[in-house]
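The structure under discussion appears below in the form of structure tokens.
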Amino acid sequence: MQLLRSLLCLDTDFTDLHGEEMKLLDEDLTYQIIGCCIEVHKNLGKGFNEVVYKDALEIEFKLRNIPYQREKEFTIDYKGFMLPRKYIADFVAFDRIILEVKAIESLTNSHLKQTLNYLATSKLRLGLLVNFGEDSLKHKRVIL
């Protein structure tokens, strides 16, 4: 549990152990993605199935010229062998940020672990876990 907490960042600047202010990883790119999510949630609200939010996000990404891949497959390597099962991330934006979309009552540690597994498999460092199923949009930055 402590490891999971240490991997999460809030969407604000933070300071390191020496009191030096640090910038968030890909802050401007995540700001654009979260802006799309807020726009979708503002227009649709809560209550739709996850796929509806993904469809709306795809439109929003196109409108804002954000490069993305939807349902990007990642192979899983085990001791040099590719497993037959693959991870499928909802979106990869800017070729560097995984966006995992949920439409549920509330996010849990299992959703966080899923995003961490996607990051580990993809070799990417930053993920956004977004939940459209609450009254206001909820999101977490996940860094591996």
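Laid out as a table, the results:
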item: FRET efficiency for residue 81 and residue 59, using Cβ-Cβ distance with R0 set to 41 Å, rounded to 0.05; result: 0.60
item: Ranking of 88, 97 by count of other Cβ atoms within 10 Å, fewest first; result: 88, 97
item: Gain on full stretching of the segment that runs from residue 48 to residue 96 - 0.36 nm per residue minus C-alpha separation; result: 14.5 nm
item: Net charge of neighbours whose Cβ lies under 14 Å from the Cβ of residue 88, counting Lys and Arg as +1 and Asp and Glu as -1; result: 0
item: Neighbour-count ranking [beta-carbon atoms within 10 angstrom, fewest first] of 52, 142; result: 52, 142
item: Residues with amide H under 5 Å from that of residue 138, placed H, sequence gap 5 or more; result: 131
item: Lys pairs under 18 Å by Cα in the stretch 49-94, provided they are eight or more residues apart or on distinct chains; result: 4
item: ³J(HN,Hα) computed for each position of the stretch 120-128 - Karplus, 6.51 cos²θ - 1.76 cosθ + 1.60, integer Hz, glycine/proline x; result: 4, 5, 7, 6, 8, 9, 10, x, 10
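Every number here is computed from the coordinates shown, using simple stated rules; none is lab data. The structure presented is a predicted model; accordingly, all values stated were derived computationally and were not measured. With ideal geometry, Cβ positions are generated from the backbone for all residues, glycine too; neighbour counts draw on all protein chains shown.
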